[in-house]
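The values are calculated or read from the model by the stated rules, or taken from the named source; none is laboratory data. Because the structure is a prediction, the values reported are computed rather than measured. Every residue, glycine among them, receives a Cβ derived from its backbone with ideal geometry; neighbour counts consider all protein chains shown. These accessible areas exclude ligands, DNA and RNA; they are computed on the full protein's heavy atoms, side chains included. Shrake-Rupley method; radii C 1.70, N 1.55, O 1.52, S 1.80 Å.
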Amino acid sequence: MISSSMKDIRSRVATALAASSIPRLRFIVVELEDNTVCLRGDVTSFYQKQIAQEVVRSIDSEVDVRNDLRVDEPAN
């Protein structure tokens, strides 16, 4: 069972990503699986992937994170 504190963390992460100044981060799906915050979706750089993970860490540095974001670099 997922604790209410984990649900609160998930909600805070989703809110922070939705308010991001990086538009692509606003569409990241935040889920909970076995008390782990899972990030899913597509970003355009490894930098964005790392920034999304750091958003989670800024909310709770002790939480487990599974970063399943895919990097789809834009075509030139």
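Annotations
- Considering only alpha-carbon pairs that sit under 8 angstrom and 6 or more positions apart, the relative contact order computed for the chain is 30 percent.
- Carbon/sulfur fraction of accessible area - the chain, other protein chains in place, 1.4 Å, %: 48
- Here the dipole of the chain is about 240 debye; that uses its Cα centre as origin and unit charges on the Cβ of Lys and Arg (positive) and Asp and Glu (negative).
- Which labelled figure in (i) 105; (ii) 75; (iii) 96 is volume of the Cα convex hull per residue in Å³, once derived from the coordinates: (ii)
- Heavy-atom surface of the chain, accessible at 1.4 Å and reported per residue (Å²): 63
- Helix 4-18 vs. the chain, principal-axis angle (Cα, 0 to 90°, nearest 10): 20
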